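To start, the structure under review is shown below, and the notes come after it.
The values are calculated or read from the model by the stated rules, or taken from the named source; none is laboratory data. Keep in mind that this is a model prediction, so the values were computed, not measured. Heads up, the Cβs are rebuilt from the backbone with ideal geometry, glycines too, and the neighbour counts pull from every protein chain shown. Quick note on the areas: whole protein, heavy atoms, side chains included, nothing else; ligands and nucleic acids left out. Shrake-Rupley method; radii C 1.70, N 1.55, O 1.52, S 1.80 Å.
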Amino acid sequence: MCRCSQCNNDVFEELDEFIDSLPTKKGALIQVLHHAQGLFGYLPKEVQLHIAKKLDVSPAKVYGVVSFYSYFTTEQKGEYKISVCLGTVCFVKGADKILAEFEKQLGIKSGETTSDLMFSLEGLRCVGACGLAPVVVVNGKVYGQVKVDQVKDIIAEYKQIEATC
């Protein structure tokens, strides 16, 4: 995702167009926040303040909603979101060791993002794919029956994608 000022301005314009297209702004805060997070990838202070102004609500109300719902994030996430299922079946089959290997290979802990904003890592409770345990999901792509020695290959796959961009 490009983060230059021109592209950032374009994203703000796209957000404004969405807000302006709403039949009413009353009661639209959560809908607008969902849309904004889809556009920006997260909800930094400047985006929250912009939304408050456009919807004519207090910044405190916007922040209150953002901080209440776990879906919303104020932290910038990586281009590739790696989720390791830690549900019972995955855990029994070694998901904790897979998560530890991702942490080691990426140099971050679960819940963190690499400094180059390429990878975010998180543990999930269950992805509903117990027959494939242990499971890793990267931006929606499911990897089943993952072994610890496959972690470096999964990371390399996404580094290779970035190298060709």
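Worth a mention:
- At most 14 other Cβ within 10 Å, DSSP loop - GluC sites (Glu not before Pro), region 1-108: Glu75
- Stokes-Einstein D (µm²/s) once Rh is taken as the Kirkwood radius of region 5-66 over alpha-carbon pairs, at 25 °C in 0.890 mPa s: 213
- Ranking by accessible area, most exposed first, for Asp16, Asp153, Asp10 with a 1.4 Å probe: Asp153, Asp10, Asp16
- Additional length obtainable on full extension of the chain from Val142 to Gln105, 0.36 nm per residue less Cα span: 11.4 nm
- Selected from Val47, Pro134, Phe102, residue furthest toward positive end of dipole (the chain; charges at beta carbon): Pro134
- Only protein heavy atoms count here; under a 1.4 Å probe, Lys152 has an accessible surface of about 110 Å².
- Pairs from Lys81/Lys109; Lys93/Lys152; Lys26/Lys53; Lys26/Lys141; Lys77/Lys104; Lys45/Lys152 whose Cα-Cα separation, in the structure shown, is over 25 Å: Lys26/Lys141; Lys45/Lys152
- Estimated inter-spin distance, Ala60 and Glu13, nm [label 7 Å along Cα→Cβ]: 3.6
- Dipole size of the chain about its Cα centre, with +1 on Lys/Arg Cβ and -1 on Asp/Glu Cβ: approximately 540 debye, rounded to the nearest 20.
- For the chain, the solvent-accessible area of protein heavy atoms averages 58 Å² per residue (probe radius 1.4 Å; ligands and nucleic acids excluded).
- The chain - percent of accessible surface contributed by carbon and sulfur, probe 1.4 Å: 54
- Each DSSP beta bridge with both residues in region 60-165 is either parallel or antiparallel, and the antiparallel ones are about 55%.
- Label selected from (i) 17.6; (ii) 15.5; (iii) 15.9, the criterion being Kirkwood radius over Cα pairs in Å as computed here: (i)
- Rule-of-thumb Rg ratio for region 78-161 [Cα; 2.2 N^0.38 Å; N residues]: 0.97
- Efficiency of FRET from Cβ geometry, Leu49 and Ala163, R₀ 41 Å, rounded to 0.05: 0.65
- Legend: residues Lys104, Lys25, Lys147, sorted from most to least accessible area (1.4 Å probe; ligands, DNA and RNA excluded), read Lys104, Lys147, Lys25.
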